[in-house]
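> This structure is in structure tokens; I'll ask about it shortly.
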Amino acid sequence: MDIKFSAKDIAFRGEVREFFATEYDATVAAQLSGSPGTDYKSAIVSWQKKLYAKGWIAPGWPKEYGGTDWSATQKFIYETERGLAGIPDVVPFGLKMVAPVIYTFGTEEQKARFLPSILNSDDWWCQGYSEPGAGSDLAALSTSADYAGDNYIVNGRKIWTTFAQYADWIFCLVRTSKGIRRQEGISFLLIDMKTPGITVKPIVTIDGKHSLNEVLFEDVSVPTENLIGEQDKGWTYAKALLAHERTGMAEVADSKRMLEGLKQRAAAEINGGKPMIEDPVFQMRMSDIEMELMALEYTELRVFASMAAGGMPGPESSLLKIKGTEISQAIHELQLQLAANYGGALPSELSSDELGHDFAAEARGKYMYGRAATIYGGSNEVQRNVIAKAVLGL
């Protein structure tokens, strides 16, 4: 496979690097750090508006709706440089999840109503898929939407809803028919979070942060014009969305940056009179991760090549999701090992001097939250079943 960049691609890479170096300065980085007192929503929206002004906010969108018209190679270059620079991705729920569903399956009125405010980050979206009894087995969802004239009346609960506390809208999978195949009878609804009857309850995760929520619906009235596509056909739209979500979870460039940072820290960390990077066991684990990451990168390139030829991400997206999340977890484990005992302490329990390592709190937080990576977006166990069925024919 030829992965050499053309002169045009190299020039584009230079433009991307210059933009990131100029616009993503220390002030922006500090705002997006998530440190106490930081208004994360304002910070990420401010950064996304810079991308919007540059015309780079939606590389995956068709040009007619505000996309960049980049080639698959340019998209790959952009994501690689973003990850290597340590710049967070855009919040995906609007730009990368619901927007493709709207411009692919929505009406012209829905496109005109929703796409502009998603593109310029004026509207913040969240995803209403998982429920207390329907996580990776999403077809078991029970949140209902009963037809009542010009409205659906929605009742039920969604859980693990990221950033629902900030959201203006939520896209939901709801059950509109019963007594047929589980995957049938599900519809895709767009719901205004200000609608009476919606309650958001925070879920504080093991790292002490609040990004997840439970969202309750009690007799919530939703106009039928907010239905995407056909009633009872939402499973089709959900599958298209999830394929793109899981492809994005490979995060090769982000893992490369984390691994490089790990090497630098291991070179400075002395254990038994020698740098940890010279420890044979540590070296072996780091080399294993590096080889896995290289194999994942080539797999990702093959998927991009297929998409460049007009294909869609299929079961390969499940493979990318599995390996990408497992590799990031392996790096988190090595970071925590490098922090040693200091990684087990809460920052509030010790002074900055007692913490001993300036990255101990970071290593601990990433390790703890990172355990969820193999669960969200469809658990890796379920993704293996997808691969077994679609690839191996089992």
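Just so you know, all these numbers are worked out from the coordinates, no wet-lab data involved. Bear in mind that the values here come from a model prediction, so they are computed numbers and not experimental data. Glycine also receives a Cβ, built like all others from the backbone with ideal geometry; neighbour counts cover every protein chain displayed.
> Please report the net charge: other residues with Cβ closer than 15 Å to the Cβ of Ala30, K and R +1, D and E -1. Please list the in-between numbers first.
Working: positive: none; negative: Glu23, Asp25, Asp39, Glu362.
Overall, the nearby charge balance is -4.
> Between the helical axis of 108-119 and the dominant principal axis of the chain, each derived from Cα atoms, what acute angle in degrees is found, rounded to the nearest 10?
Result, in degrees: 20.
> Which order do the peptides 153-165, 57-69 come out in when sorted by mean C-beta neighbours inside 10 angstrom, highest first?
Details: 153-165: 21.0, 57-69: 16.3.
Descending packing order for the listed peptides: 153-165, 57-69.
> For Lys54, which lysines qualify as cross-link partners when the Cα separation must be under 21 Å and same-chain residues fewer than eight apart are set aside?
Lys8, Lys41, Lys63, Lys75, Lys96
> Per residue of region 251-259, in order, report the coupling 6.51 cos²θ - 1.76 cosθ + 1.60 (Karplus, θ = phi - 60°) as ³J(HN,Hα) in whole Hz, putting x for Gly and Pro.
My calculation for region 251-259 gives 6, 4, 4, 4, 5, 4, 5, 4, 5 Hz in order.
> Among the listed pairs Lys111/Lys233; Lys323/Lys389; Lys233/Lys389; Lys201/Lys239; Lys256/Lys321; Lys366/Lys389, give every one whose C-alpha distance is greater than 24 Å. Please list the in-between numbers first.
Numbers: Lys111/Lys233 19 Å; Lys323/Lys389 18 Å; Lys233/Lys389 22 Å; Lys201/Lys239 27 Å; Lys256/Lys321 16 Å; Lys366/Lys389 33 Å.
Violating the 24 Å limit, Cα to Cα: Lys201/Lys239; Lys366/Lys389.
> Summing Lys, Arg as +1 and Asp, Glu as -1, what charge do residues with Cβ under 15 Å from the Cβ of Glu64 carry, Glu64 excluded?
Values: positive: Lys63, Lys111; negative: Asp69, Glu108.
My count for the surroundings of Glu64 gives 0.
> Taking θ = phi - 60°, what integer Hz values does the Karplus form 6.51 cos²θ - 1.76 cosθ + 1.60 yield along region 130-140, in sequence order, with x for Gly and Pro?
Result, ordered by residue: 5, 10, x, x, 8, x, 5, 8, 5, 5, 7 Hz.
> May I pose another question? Please list 3J(HN,Hα) in residue order for region 228-239, calculated via the Karplus relation 6.51 cos²θ - 1.76 cosθ + 1.60 where θ = phi - 60°; whole Hz, with x for glycine and proline.
8, x, 8, 5, 6, 10, x, 4, 4, 5, 5, 5
> If you don't mind, there's one more thing I want to ask. Among Asp146, Asp232, Asp25, which one moves the most in a GNM of the chain with springs linking Cα atoms closer than 10 Å?
Highest fluctuation among the options: Asp25.
> Residue separation times 0.36 nm, minus the C-alpha to C-alpha distance between Ala268 and Lys111: what's the value? Could you put the intermediate results ahead of the total?
On the way: separation 157, 0.36 × 157 = 56.52 nm, distance 5.29 nm.
Gain on extension, Ala268 to Lys111, equals 51.2 nm.
> Students often check this: by mean Cβ neighbours within 10 Å, which of 208-219, 264-275 ranks highest, and how do the rest follow? List each step's numbers first, then the result.
On the way: 208-219: 16.9, 264-275: 12.9.
Ranking the peptides 208-219, 264-275 by packing returns 208-219, 264-275.
> May I pose another question? Under the 0.36 nm per residue contour assumption, what length would be gained going from the current alpha-carbon distance of Ala139 and Leu394 to full extension?
Here the segment from Ala139 to Leu394 would lengthen by 89.7 nm.
> Please give the calculated 222 nm ellipticity per residue for the chain, where each DSSP H segment of at least 4 residues contributes -39500 (n - 2.57) and the sum is spread over every residue; nearest 500 deg cm²/dmol? Walk me through the numbers before you get to the answer.
Values: 13 runs with 180 residues, N = 394.
The per-residue figure over the chain is -14500 deg cm²/dmol.
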